[in-house]
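One structure is given below, encoded as structure tokens.
Read-outs: derived from the displayed coordinates by stated rules, not from any lab. Note that the structure is a prediction, hence the values are computed from the model and not measured. Here Cβ is always computed from backbone atoms with ideal geometry, including for glycine, and neighbour counts include all displayed protein chains.
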Amino acid sequence: MLNKLARKILRSVDILIISIAVVIAATVRISYSSFYPGGYDQKAAFFKPVINKLIKKGADSSFIFAMINDNRTKFNERYVKINVTGYLKKVDYSSNYNAFSVRKSRQFIRENRYILNKCEKEFGVPKEVITAVLWVETKHGSYLGDNHIASVYLSTAMCDQPEFIELNKKELHETFTGDTAELSGLEKKISERARKKSRWAVNELVYLSKINKSATVPVLDLNGSWAGAFGLSQFLPSSYFNWAIDGNGDEVVDLFNIEDAIYSIANYLKKNGWSDSYDSWKKAIYHYNNSNDYVDAIFRLASKLEISTIRGAAMGADGKPIPPNP
């Protein structure tokens, strides 16, 4: 049964939705990239499809109200595009294990050796792997992202709406340079990914609601990547809720704190399969980011950081030998 606040949210949405629809219908072309709904009622009407799903999934009503009412919460079509069609562009990870990356990572290990050694002893995850993950994710905290996390997920959750599916298909036709015979298959893939990514974004918003309710993290203040990850370790809300831990004993789990980030990465990898076999290492890191190229980059960098266990495996994620240290 819906509580009073949830009913109030839906009632205000229903009152405004007709007038908003009239405005949209009367507009020849809306540039969604610059469409930032105004006050609470306007935003609630625009995000109604997402709000309905959140309420059905049991997200905290007061959190939904606060999120929609926050003036930083905006729709941005960039997230609708990149989170649905971004897979079409291959990521080049090679710069993450060049000489500069190795030098900076060795420096990081020297500066944080105590906490890294302590964490390695407790979890069995090599400090070089933790260091490599932090480098590939945020360059040890130098690049944290300035995307408003709640806005990322609210916007992405709208990607299954017909107008945004068509927007992505139109973008595909305008930018595709391959065999045109592949277009119909890619259009189908876009529709499937839109539904999948919308469900994913809604679930992450539910976790954001849980974090808001149970932790001291001010979730509406969070900024991070366009994919909705935040902190030095770039955790999603679901990852934070399930695997982030306190590394410095202050009873606050803050992924912008280096000790908490280090411990959380180790805990994540350990809980997701890291043990004493090479296959378990690959599985754990792939769970962190389901890209073989990402896994390969982590191993290649880690293998150059004074490590014995990773180099002993002598292979990258693709099973090929890891090159010697520079």
>> Once you order the gyration tensor axes a ≥ b ≥ c over the Cα atoms, which shape class does segment 187-296 get: rounded for a/c under 1.5, otherwise prolate or oblate by comparing a/b with b/c?
In response: oblate
> So what J values fall out for segment 133-139 if you push phi through Karplus, 6.51 cos²θ - 1.76 cosθ + 1.60 with θ = phi - 60°, rounded to Hz, Gly and Pro as x?
Replying inline: 4, 5, 6, 5, 6, 9, 6
> From the phi of every residue in segment 230-237, what ³J(HN,Hα) in whole Hz does the Karplus formula 6.51 cos²θ - 1.76 cosθ + 1.60 yield, where θ is phi - 60° and glycine or proline is x?
Replying inline: 9, x, 4, 8, 6, 8, 6, x
>> Taking the Cα centre as origin and putting +1 on Lys and Arg beta-carbons and -1 on Asp and Glu beta-carbons, what dipole magnitude results for segment 197-277, to the nearest 20 debye?
In response: 520
> What length, rounded to one decimal in nm, is gained on full extension from K74 through to D179, with 0.36 nm per residue of separation minus their alpha-carbon distance?
Replying inline: 34.1 nm
>> Apply the Karplus curve 6.51 cos²θ - 1.76 cosθ + 1.60, θ = phi - 60°, to the phi angles in segment 271-282 and return the couplings in whole Hz, x for Gly and Pro.
In response: 5, 10, x, 4, 9, 10, 10, 4, 4, 5, 5, 4
> Mind checking which lysines have their C-alpha under 30 Å from K127, skipping anything on the same chain fewer than 8 residues away?
Replying inline: K90, K104, K118, K139, K270, K271, K282, K283, K304, K320
> In whole Å, how far is the Cα centre of segment 100-157 from that of segment 244-309?
Replying inline: 9
> If each residue's Cβ is checked for other Cβ atoms within 10 Å, how do C159, C119 rank with the fewest at the top?
Replying inline: C119, C159
>> Sorting check: for 146-158, 183-195, which peptide has the highest mean count of neighbouring beta carbons within 10 Å, and how do the rest follow?
In response: 146-158, 183-195
